[in-house]
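The values are calculated or read from the model by the stated rules, or taken from the named source; none is laboratory data. Fair warning: this is a prediction, and the values are worked out from it, not measured in the lab. Quick reminder, even Gly has a Cβ in these numbers, built from the backbone with ideal geometry, and neighbours come from all protein chains shown. With ligands, DNA and RNA removed, areas are computed over all heavy atoms of the protein, side chains included. Shrake-Rupley method; radii C 1.70, N 1.55, O 1.52, S 1.80 Å.
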Amino acid sequence: MSQFTLPKTYDFRDAEQRLYQWWEENGWFKPENSRNPDGKPFVISIPPPNVTGVLHQGHALFVALEDLMIRHQRMRGRAALWVPGTDHAGIATQLQVERKLLREGKSREEIGREAFVQECWDWANKHHDRIVGQLKRLGASCDWDRERFTLDEGLSRAVREAFVRLYRMGLIYRDEYIVNWSPGLQTAVSDVEVEYKEEQGTLYYFKYPIAGANLEDGPGQGYIPVATTRPETILGDTAVAVHPEDERYRHLIGKTCLVPILNRPIPIIHDTYVDMEFGTGALKITPGHDPNDFEIGQRHGLQIINIMNKDATLNENAGPYAGLDRFGARKKLWEDMKQAGLTIKEEPYTMQVPRAQRGGEIVEPLVSTQWFVNTNPMAELGLAAVRTGRIRIIPERFTKIYYHWLENLRPWCISRQLWWGHRIPAWYGPDGEIFVAHSEAEARALAEEHYGHPVDLEQDPDVLDTWFSSGLWPFSTLGWPDDTPDLRRFYPTDVLETGYDILFFWVARMIMQGLLYTNDIPFHTVYLHGLVRDEHGRKMSKTYGNVIDPIEVMDEYGADALRFTLLTGSTPGNDMNLSINRIRANRNFANKIWNATRFVLGNLPDDFTYRGAPDAAALDTPDRWILHRLNETIANATRLFDGYQFGEAGRQTYEFLWGDFADWYIEAAKPRLRGDDPDPVRQTLVYVLDQTLRLLHPFIPFVTEELWQHLPHLQEEAPALIVAAWPEPRPEFEAAAAVDAFEHLREVVRSIRNARSEYNVEAGRKIAAFIDAPTHAQALRAMSDILTLLARLDPDRTAFGPAPAGEKGATLVVGDTTIFLPLGGMVDIEAELARLQKQLAETEKRIAATESRLNNPNFVQKAPEKVVAQTRQTLAELQAQKARLEEQIRALS
């Protein structure tokens, strides 16, 4: 048996775990062990998944994309570092732990803060290994020795340093402002933790009484008509606004109206924010419960009235509705307003309802005392970095969105009323004086200096928004604020790859904070991927029952099949549709590579010595053709990688291996492997396969490494494909003449195969052919053994030259080559004529029925336009089919 053997089938279940462990044990994920340890670094910081999370297709996509970039750059000779880590996920983790305590009959308030935080640590430690194990299942070639956690001691110190610096710059402050409030979670939540869902609601129209007038005087005299979707907030109104140019209400500006039921007087003001065309053209202003109203209130110096408790019940400012739930108050107030003659009408209204990402309850805009960051100075830095080209966003269309967000920033609320997270490093003195410091000891020293004697301090109970620590991720993971060797060597990083949905919430904040704290950009490229949807384009949801679990997919089809599907099915910034059928097809691609490699290895003798790139002078036309095509594929794939068009690079390499190499070159190699001098063919087979496995390795690392280990190599070759060199085109393999000759042969073979199919020739029957090729005769004669094999021609009845006169047959034209196939040797003419005439009659019957349908005015005028167009297309196809059948019948008659 040959030493070059390969099992009959690929067992991905065995190979994936074994190979990953082998890579990791040999340290090949570390930049220090790359092909060029002193080379230019290439660094990606992983978007840290929630430590309590479970892998979903969004994770699978970003892991596949980032691992592809890292593996590619590692092979290109860069000192590639992929920094792994997980996020403490403040709200998500606290919610999970609170639910656990609830099941145990306990609550966080009962066990106290210290014990609750320990419960969170236990939970995080327990679930950490699961998410990391799932990342490894996908082949993530991270340097796990450099793994970080957003709450580890180093990153906690970085967070405190960042907070202190911002506070000393005057950019962090404590103030009253409107925030997203989650009544169930009892905390402010960030914009990214709010999901807006389109829901059916009601638009309530009512009368705002004008002080001193009668309702009977009508709109504009006795009252101002106003519309709202949240009637309960009427109780917190502090003005009614109209547009200064609105003729209906201009005369009322400066007058007073009365809050319905409460009869509290409020001013009528003018503001250009009001849309005269929407609703009634008048706007109730509730600064305490609407972010836009808050801004208007700030401009006009309006009173802020909060009518709601933290649990979304109404407080004493709501008068007789105090104690009611917000929705109960809505119902009761509207009924009372009906009784008072203050309502006008109700209309169904489709609106975007803000719901908490965790828990699903409706989020309430609420004025609250919180910690904020003034991001405007940082935003200017972030805008300049992208505008000057120092940072590039892919795809470019998201640059406009980035600019819009940074040009329209509101104060960033960074405090959360949680216990799990980075506790705010601020302490309060007996009189409320604030001392911001790196530690309690430092705060006490500051307080003693302030008061002149030691005092008791109380630390702020809130924790920081998770995005605050995440914004420091690219540099804090490398050791900042210390001047570490890793920070000097690997910062700035290179690419930040993430979903387009967090361009502002995470990416922009990393850019702003990186520029502020390190005086440098955190990365030069932002690559944004889209959402992974089901095969019909719907969002994956348990409700729809369409969730494709990546772990189940890998159990069934292997990691490579999932990776290749995600990578070749996605383009920058666009959502992709994922189906099991595509994953199954890409599992078959791995099998195709496996079988091609088995063929190559099975044709190598025990004494075969691989010499690397073949000697071009010793090669025949098919060898020069495949090497030329390999050159083109390498050049195109490299160009596409450099342009971040990874999917197209994968698709072109797939087409080369499956189409050119497996379906054509291997078939063309078979007769020559049985010839007198098979070594050039063997050298070419091994070389092309070796180079193609390198091109595919970033996409499908497991099967390519497994196969590459079975190939013969040069003595000085790398020990593993993961650290082997990326292929480069070789000038000596440019062969235009060979390409022209072999491509012509392929067209001739395709033409004969099509004719065989049309005439229903049995697959195993070899047929005669006369080939008249004025330009390509010499090349086709030299490859006659390949031509007869691939076209299933009878070598003894294949002749070069014009066809004999008078014989029935099919004439095919390919360029200036004419191929004549005598029908007598191909088919039973009488039986074939009968079959074709029967098919022609059926086709004519279908044509008549389709024409009748199109001639019916009722159908053409009443059927959907798409259906009519499809029917016309069907008729055209049937008529073309009829023409082909008639031509075949003429040839046989």
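Thr86 falls short of the stated requirement of being of a type in the set (S, T, N, Q), open to solvent by less than 10 Å² (accessible area, probe 1.4 Å) and outside any strand (DSSP E or B).
Any idea how many residues of region 645-669 are under 32 Å from the mean Cα position of the chain (by Cα) and open to solvent by less than 30 Å² (accessible area, probe 1.4 Å)? Talk me through it step by step, then tell me what you get.
Within region 645-669, the first condition is being under 32 Å from the mean Cα position of the chain (by Cα), and the residues that meet it are 645-662.
If we keep only those that are open to solvent by less than 30 Å² (accessible area, probe 1.4 Å) too, we end up with 646-647, 649-650, 653, 656-657, 659-662.
Result for region 645-669: 11.
Taking helices (runs of 4 or more DSSP H) that fall entirely within region 636-731, which contain at least 2 residues that are more than 30 Å from Ala782 (Cα to Cα)? Show your work before the answer.
Values: elements: 646-655, 666-673, 679-696, 701-708.
Passing ranges, in order: 646-655, 679-696, 701-708.
Here is the figure for region 91-130: residues that are surrounded by fewer than 19 Cβ atoms within 10 Å (Cβ to Cβ), under 16 Å from Thr150 (Cβ atoms) and touching a Leu at 6+ places or on another chain (Cβ under 7 Å) total 0. Scanning region 295-325 for residues that are out of contact with any strand residue (DSSP E or B) (no Cβ under 7 Å at 6 or more places or on another chain), in a helix (DSSP H, G or I) and surrounded by 18 or more Cβ atoms within 10 Å (Cβ to Cβ) turns up just one, Ala318.
The condition (being open to solvent by 20 Å² or more (accessible area, probe 1.4 Å), small (Gly, Ala, Ser) and closer than 30 Å to Asn636 by Cα) is satisfied by just one residue among Ala718, Ala799: Ala718.
Per-residue answers, yes or no, for (1) of a type in the set (A, V, I, L, M); (2) under 30 Å from Val353 (Cα atoms); (3) under 29 Å from the mean Cα position of the chain (by Cα):
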residue	(1), (2), (3)
Leu102	yes, yes, no
Ile111	yes, no, no
Phe149	no, no, yes
Glu153	no, no, no
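When region 500-546 is filtered for residues that are β-branched (Val, Ile, Thr) and surrounded by 14 or more Cβ atoms within 10 Å (Cβ to Cβ), the ones remaining, listed by number, are Ile502, Val507, Ile511, Thr518, Ile521, Thr525, Val526, Val532. Of the residues making up region 101-141, those that are touching a helix residue (DSSP H, G or I) at 6+ places or on another chain (Cβ under 7 Å) and of a type outside the set (A, V, I, L, M) are Ser107, Arg108, Phe116, Glu119, Cys120, Trp123, Gln134, Lys136, Arg137, Gly139, Ser141. Among the residues of region 236-268, those identified as assigned to a helix (DSSP H, G or I) and either touching a residue at least 60 places away in the same chain (Cβ under 8 Å) or surrounded by 16 or more Cβ atoms within 10 Å (Cβ to Cβ) (or both) are Gly236, Leu252. Exactly one residue out of Gly558, Gly573 is in contact with a Phe, Trp or Tyr (Cβ under 7 Å, 6 or more places away or on another chain) and either modelled with pLDDT under 95 or aliphatic (A, V, I, L, M) (or both): that is Gly573.
Residues being acidic (Asp, Glu) and either touching a helix residue (DSSP H, G or I) at 6+ places or on another chain (Cβ under 8 Å) or open to solvent by less than 60 Å² (accessible area, probe 1.4 Å) (or both): count how many of those fall in region 814-858. Before you say what the answer is, go through the steps one by one.
First pass over region 814-858, keeping only residues acidic (Asp, Glu): 816, 828, 830, 832, 842, 844, 851.
After this cut, where a residue has to be either touching a helix residue (DSSP H, G or I) at 6+ places or on another chain (Cβ under 8 Å) or open to solvent by less than 60 Å² (accessible area, probe 1.4 Å) (or both) as well, the list is 832, 844, 851.
Residues in region 814-858 being acidic (Asp, Glu) and either touching a helix residue (DSSP H, G or I) at 6+ places or on another chain (Cβ under 8 Å) or open to solvent by less than 60 Å² (accessible area, probe 1.4 Å) (or both): 3 in total.
Note on region 26-80: residues that are under 18 Å from Phe641 (Cα atoms) and assigned to a strand (DSSP E or B) amount to 6. Here Ala617 passes the criteria (1) outside any loop (DSSP other than H, G, I, E, B); (2) among the aliphatic types (A, V, I, L, M); (3) open to solvent by less than 20 Å² (accessible area, probe 1.4 Å) except the one numbered (3).
Just one of the numbered conditions (1) farther than 22 Å from Pro481 by Cβ; (2) modelled with pLDDT of 95 or more; (3) open to solvent by 10 Å² or more (accessible area, probe 1.4 Å) is not true of Arg146: (1).
Of the residues making up region 349-369, those that are of a type outside the set (A, V, I, L, M, F, W, C), assigned to a strand (DSSP E or B) and open to solvent by less than 50 Å² (accessible area, probe 1.4 Å) number 4. Counting only residues that are open to solvent by less than 20 Å² (accessible area, probe 1.4 Å) and at positive phi, region 208-235 holds 2 of them.
Pairs linking a residue in region 774-793 that is hydrophobic (A, V, I, L, M, F, W, C) to a residue that is open to solvent by 30 Å² or more (accessible area, probe 1.4 Å), with Cβ atoms under 6 Å and 6 or more positions apart or on different chains, are Ala777/Phe800; Leu790/Glu667.
Counted as qualifying within region 508-601 are the helices (runs of 4 or more DSSP H) with 1 or more residues that are farther than 30 Å from Pro492 by Cβ, under 20 Å from the mean Cα position of the chain (by Cα) and among the β-branched types (Val, Ile, Thr), namely 550-557, 559-569.
Filtered by the rule that a residue be over 20 Å from Arg765 (Cα atoms) and in contact with an Asp or Glu (Cβ under 6 Å, 6 or more places away or on another chain), region 802-843 gives Pro802, Val814, Thr818.
Taking the condition of being buried (at least 24 other Cβ atoms within 10 Å of the Cβ), charged (D, E, K, R) and either in contact (Cβ under 8 Å) with a residue 60 or more places away in the chain or assigned to a loop (DSSP other than H, G, I, E, B) (or both), how many residues in region 277-294 meet it? Qualifying residue count for the region: 1.
Between Arg872, Arg890, the distinction of being out of contact with any Leu (no Cβ under 6 Å at 6 or more places or on another chain), modelled with pLDDT under 85 and open to solvent by 100 Å² or more (accessible area, probe 1.4 Å) belongs to Arg890 only.
Taken over region 16-42, the criterion of being modelled with pLDDT under 95 and open to solvent by less than 30 Å² (accessible area, probe 1.4 Å) is satisfied by Ser34, Gly39.
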